[in-house]
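Novice: Got a structure here, written out as structure tokens. Questions coming.
The values are calculated or read from the model by the stated rules, or taken from the named source; none is laboratory data. Computed from a predicted structure; not experimentally measured. Virtual Cβ from ideal backbone geometry, glycine too; neighbours counted across all protein chains shown.
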Amino acid sequence: MTGSIAPRTEIRLAGEGGQGMILAGIILAEAAAIYDGKMAVQTQSYGPEARGGASKSEVVISAGEIDHPEVLSADVVVTLSQEAFDKYASTVKPGGLLIVDDDNVRSIDVPEAVKIPIGRLALHTTGKSITANTVALGVLVGLTGVVSREAIEKAVTARAPRGTEEMNRQALQAGFTAAEQVREGGSK
């Protein structure tokens, strides 16, 4: 999966309510559709609790028409919490990519998972753990190339609250750097 895009790429972003994974899905879909000229569909669901419960965002990206808007067999799954990992890690298809925030997910029973301290990177880079979703987008795009770096940068900047654009660009860059380290064999 690394570095190439299939005709249809299915991505599931999952975490706890309040971690911004729904917004991350919206940003990823906008990067694909608005800035890269691809087709994209984004759906979302929350657990019974808005904050603290599991939430997920699903994005389908394709070069052509999307005939089914739901993720059927995820090419990529990103999990930022233990509950999200427990619920969705098994939904990545064989040979797919599982990205895990190993600061928040302590019990990782999938040896091939890419383990990155996403929350810690966000806090270290920006001083704010709320930017973990943006770091996760940088990791995802850096490892898959599902959208261009330029597209995700533009989409993140467009969605960032006024005055936080530079902070969000730094978080995205931290994700790109972490992805490069994984690709070079430094952290997995």
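Novice: Here is a list: 40, 63. Which entry is of a type in the set (Gly, Ala, Ser) and either free of Cβ contacts under 8 Å to residues at least 24 places away in the same chain or crowded, with 18+ Cβ neighbours inside 10 Å (or both)?
Specialist: Matching residue, one of 40, 63: 40.
Novice: Could you list, ordered by first residue, the pairs with Cβ atoms under 9 Å in which the first is in the range 1-16 and farther than 20 Å from residue 100 by Cα and the second is modelled with pLDDT under 50 and part of a strand (DSSP E or B), at least 6 apart or interchain?
Specialist: none
Novice: Follow-up. Out of everything in the range 19-59 that is outside any helix (DSSP H, G or I), aliphatic (A, V, I, L, M) and modelled with pLDDT of 90 or more, what residue ends up being farthest from the chain's Cα centre (by Cα)?
Specialist: Ranking the qualifying residues of the range 19-59, first place goes to 39.
Novice: Looking at the range 142-156, I want the residues that are closer than 17 Å to residue 171 by Cβ and have a partner that is assigned to a helix (DSSP H, G or I) and among the small types (Gly, Ala, Ser) with Cβ atoms under 6 Å, at least 6 apart or on another chain. Which pairs are those?
Specialist: What qualifies is 142/179; 143/179; 147/31; 147/32; 151/31; 152/31; 155/31.
Novice: On to the next question. Quick check on this structure: which one of 115, 93, 154 is basic (Lys, Arg) and under 19 Å from residue 22 (Cα atoms)?
Specialist: Numbers: 115 fails: under 19 Å from residue 22 (Cα atoms); 93 fails: under 19 Å from residue 22 (Cα atoms).
After ruling out the rest, the residue left standing is 154.
Novice: Here's a check for you: in the range 63-83, which residue that is out of contact with any Asp or Glu (no Cβ under 7 Å at 6 or more places or on another chain) and modelled with pLDDT under 95 is farthest from residue 27 (Cα to Cα)?
Specialist: By that ranking, first place goes to 82.
Novice: Separate question: Does the range 161-171 contain at least one residue that is without any contact (Cβ under 8 Å) to a residue 60 or more places away in the chain, closer than 23 Å to residue 32 by Cβ and buried (at least 23 other Cβ atoms within 10 Å of the Cβ)?
Specialist: Narrowing the range 161-171 to residues without any contact (Cβ under 8 Å) to a residue 60 or more places away in the chain: 161-171.
From the residues that got through so far, the ones that are closer than 23 Å to residue 32 by Cβ too are 161, 164-165, 168-171.
Applying the additional criterion that residues be buried (at least 23 other Cβ atoms within 10 Å of the Cβ) yields 168, 171.
Yes, because at least one residue in the range 161-171 is without any contact (Cβ under 8 Å) to a residue 60 or more places away in the chain, closer than 23 Å to residue 32 by Cβ and buried (at least 23 other Cβ atoms within 10 Å of the Cβ).
Novice: Under 6 Å between Cβ atoms, at least 6 apart or on separate chains: pull out the pairs that start in the range 103-126 with a residue that is at negative phi and end on any residue that is basic (Lys, Arg) and part of a loop (DSSP other than H, G, I, E, B).
Specialist: 114/188
Novice: Continuing with this model, one more query. Being part of a loop (DSSP other than H, G, I, E, B) and in contact (Cβ under 8 Å) with a residue 60 or more places away in the chain is the filter here, so list the residues in the range 172-188 that pass it.
Specialist: 187, 188
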